[in-house]
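**Student:** Provided herewith is a single structure, encoded as structure tokens, for subsequent inquiry.
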Amino acid sequence: MNRIRLSITQMCDLLTSQDKVHFYEEDKKAIINKLQYVSVQLHEVETSIVDEQGVQHSLLNELINEIDKLCNGDMSKESEKVQNHVAKIKPKVENFKAHNQNYFNEIGTKVRAAAPSYKKKMPLVLVVDDQNVMLKIITTILKPKGFDVEVAINGAAAINKLKSCKPELILLDIDMPVMNGIQTLKNMKSMEQLENVPIIMLTSITDKESFIECRQLGAIDYIVKPTNAETLLKKIFAVI
């Protein structure tokens, strides 16, 4: 009966995983659309910069011509002539300044529009296992995917770790010294802060039967050790 129950549980989890995959595909399409939008926006910025080079070149030429007239003029003549030249230069400089201010305001608006509206932070995962090799394997798989990872070498260390961090997911080994996975699971499920935190058990082939008890205690799934990246990530994305 336990094996039948476990098979039914796995089938339900598989169906849930397929739904999750569908949602992730929809998210992928949304991300691609966002990237295409960003590409268009950045192209507009690039075109605007090229156009602006011509405008600023023309404005600067006008300003330089007026300065040349001032510098090359006959300084022995009345100061009124110099003042006239200065009077012509001042509004051109002010016009140039105002134009630049408007231009860079526009560039700022376009750049902000091109930037993603948010950056999703990947969940914090607490990995509990007495085997350092297993901790390193899981950490090596998760961190490049953007996950934050905390580790503990036994159940007691994990309970203590939870005083300073709140994970969105816990990977919990069953067979551990000091406090095994079943005892740790009982403790965790009694903690209000972990009420909605999914817990996936890490099991060996020999203790897979223990997952029935873990399931009854609130564990959501299990992973047989040693695991690979594809299986681990599939299990994780199915529950977060």
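The values are calculated or read from the model by the stated rules, or taken from the named source; none is laboratory data. The model shown is predicted, which means the values in this text are computed figures rather than measured ones. Heads up, the Cβs are rebuilt from the backbone with ideal geometry, glycines too, and the neighbour counts pull from every protein chain shown.
**Student:** Please pick out the residue among 106, 80 that is in a helix (DSSP H, G or I) and either at pLDDT below 75 or not assigned by TED's automatic domain parsing to the domain that holds residue 45 (or both).
**Tutor:** Values: 106 fails: either at pLDDT below 75 or not assigned by TED's automatic domain parsing to the domain that holds residue 45 (or both).
Being in a helix (DSSP H, G or I) and either at pLDDT below 75 or not assigned by TED's automatic domain parsing to the domain that holds residue 45 (or both) holds for just one of 106, 80, which is 80.
**Student:** Could you tell me which of the residues 92, 161 is modelled with pLDDT of 75 or more and under 24 Å from residue 227 (Cβ atoms)? Quick ask: steps written out before the conclusion?
**Tutor:** Numbers: 92 fails: under 24 Å from residue 227 (Cβ atoms).
Answer to the check: 161.
**Student:** For segment 212-231, does any single residue satisfy the condition of being surrounded by fewer than 17 Cβ atoms within 10 Å (Cβ to Cβ), under 19 Å from residue 183 (Cβ atoms), over 27 Å from the mean Cα position of the chain (by Cα) and free of Cβ contacts under 8 Å to residues at least 24 places away in the same chain?
**Tutor:** Yes: one or more hits.
**Student:** Can I ask one more? Based on this model, can you work out whether residue 204 counts as loosely packed, with under 15 Cβ neighbours inside 10 Å, out of contact with any Ser or Thr (no Cβ under 6 Å at 6 or more places or on another chain), of a type in the set (Gly, Ala, Ser) and farther than 20 Å from residue 159 by Cα? Walk me through how you get there before you give the answer.
**Tutor:** Working: loosely packed, with under 15 Cβ neighbours inside 10 Å: yes; out of contact with any Ser or Thr (no Cβ under 6 Å at 6 or more places or on another chain): yes; of a type in the set (Gly, Ala, Ser): yes; farther than 20 Å from residue 159 by Cα: yes.
Here the answer is yes, as residue 204 does meet what is asked.
**Student:** Turning to a different aspect of this structure: Of the residues in segment 156-210, how many are in a helix (DSSP H, G or I) and either touching a Leu at 6+ places or on another chain (Cβ under 8 Å) or not assigned by TED's automatic domain parsing to the domain that holds residue 127 (or both)?
**Tutor:** Kept after step one, since they are in a helix (DSSP H, G or I), are these residues of segment 156-210: 156-161, 181-189, 192-194, 205-207, 210.
Keeping just the survivors that are either touching a Leu at 6+ places or on another chain (Cβ under 8 Å) or not assigned by TED's automatic domain parsing to the domain that holds residue 127 (or both) gives 158, 161, 181-182, 184-186, 188-189, 193-194.
Residues in segment 156-210 being in a helix (DSSP H, G or I) and either touching a Leu at 6+ places or on another chain (Cβ under 8 Å) or not assigned by TED's automatic domain parsing to the domain that holds residue 127 (or both): 11 in total.
**Student:** Do we find that residue 52 is modelled with pLDDT of 75 or more, surrounded by 14 or more Cβ atoms within 10 Å (Cβ to Cβ) and either farther than 30 Å from residue 198 by Cα or charged (D, E, K, R) (or both) in this structure?
**Tutor:** Yes: the conditions hold for residue 52.
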